[in-house]
Amino acid sequence: MTDALTQLMTERDWLMADGATGTTLFNMGLTSGDAPELWNVDKPDNIRALYKGAVDAGSDIFLTNSFGGNASRLKLHDAQGRVRELNRAAAELGREIADASGRKVVVAGSIGPTGDIMVPLGNLTFDNAVEMFHEQAEGLKEGGADVLWVETISAPEEYKAAAQAAALADMPWCGTMSFDTAGRTMMGLTSADLAKLVETLPKPPLAFGANCGVGASDLLRTVLGFAAQGSERPVIAKGNAGIPKYVDGHIHYDGTPSLMAEYAVLARDCGATIIGGCCGTTPEHLRAMREALETRPRGDSRPTLDQIASALGGFSSASDGTGDDAGQKPERRARKRRS
């Protein structure tokens, strides 16, 4: 039986994902340091509103409120024994909203990083990571998620562990990494590295890509890096709404709806099939993105780095780590060597 996401991707040449979970929940009163996943049980109407906001804005895919729903992160809130319950509730609420939408909408079970460092640099073993991800995946599956959505991963071994957990749960999955350190993940992977990695997995993702990171320009440079590898696997672009700035004690993202509309069209032209937003992306941004994707034609060729920088702003670093940065002359910044 064909999964819901694969079916949609055969019917359409682009799909729109959702925006920011954290930004929206903070606007609803979530306090920094609290576990958003507890709201799946304690404040379900807020989570319904989170999901419905994305669906009403035109999202074809939305992520469940379960990013930090693994045992390691929930242990910080003495809720490590509630992994299955909280993830199941996140997906059940999502299923409710998707089924009431009147169209095909994919419920993607969000799985974020464990928050621990993999051995040998840290204490998290591969088997323990698989166990944590599998527990979370089973809860999301029980709640009715269509697909698992692994996101904001930095380490290749953690990505592989999530892939194995998806296989154990017998669930289709997608997986993104965050390229936020001069075009690399925190653990040093480039876009080329991830494009190669996904093809080595026993159960590869339905789609792979990048989320979060620095800003929309950087994320699209990473998407171009995926395309340069010649992968035929669908690519995900889920960039932040501009650059985070600290104003009056709060983090604000400076990306306007019109900027995110430009980003969405450029992401499609760069080769992304699934296009959404990450931090700072509200339903207002999503509506502008959807309108742009529906009304503006595809470009005749992939955007150059100069075109991306002109539309969205310059890049945060001179290189994306792949050695192929022709066409862009951003401000040169010294890169710190990894110890």
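The values are calculated or read from the model by the stated rules, or taken from the named source; none is laboratory data. Model, not experiment: these values are computed from the prediction. Virtual Cβ from ideal backbone geometry, glycine too; neighbours counted across all protein chains shown. Note: accessible area is taken over every heavy atom of the protein model, side chains too, but ligands, DNA and RNA are not part of it. Shrake-Rupley method; radii C 1.70, N 1.55, O 1.52, S 1.80 Å.
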Check: PRO234: under 18 Å from the mean Cα position of the chain (by Cα), modelled with pLDDT under 95 and open to solvent by 10 Å² or more (accessible area, probe 1.4 Å), yes or no?
Finding: no
* To do: For ALA165, state whether it is hydrophobic (A, V, I, L, M, F, W, C), over 17 Å from the mean Cα position of the chain (by Cα), closer than 18 Å to GLY115 by Cα and crowded, with 19+ Cβ neighbours inside 10 Å.
  => yes
Quiz item: If you check ALA210 against the conditions, is it of a type in the set (A, V, I, L, M), open to solvent by less than 40 Å² (accessible area, probe 1.4 Å) and in a strand (DSSP E or B)?
Solution: yes
Taking region 182-199 and keeping residues in contact (Cβ under 8 Å) with a residue 40 or more places away in the chain, in contact with a Lys or Arg (Cβ under 9 Å, 6 or more places away or on another chain) and either open to solvent by less than 10 Å² (accessible area, probe 1.4 Å) or not aliphatic (A, V, I, L, M) (or both) leaves GLY183, GLY188, THR190, SER191
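So which strands (runs of 3 or more DSSP E) are wholly in region 39-153 and hold at least 2 residues that are buried (at least 24 other Cβ atoms within 10 Å of the Cβ) and over 16 Å from the mean Cα position of the chain (by Cα)?
Fully inside region 39-153 and qualifying: nothing.
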Filtering region 266-279 down to residues that are open to solvent by 10 Å² or more (accessible area, probe 1.4 Å) and either farther than 11 Å from ARG302 by Cβ or in a loop (DSSP other than H, G, I, E, B) (or both) yields GLY271, THR273, CYS278, CYS279
Only unsatisfied item for PHE26, checking (1) open to solvent by 10 Å² or more (accessible area, probe 1.4 Å); (2) at pLDDT 95 or above; (3) aromatic (Phe, Trp, Tyr); (4) over 23 Å from PRO205 (Cα atoms), is (2)
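Would you mind finding the one in LEU219, LEU293 that is surrounded by 22 or more Cβ atoms within 10 Å (Cβ to Cβ) and assigned to a helix (DSSP H, G or I)?
One residue alone meets the criteria, LEU219.
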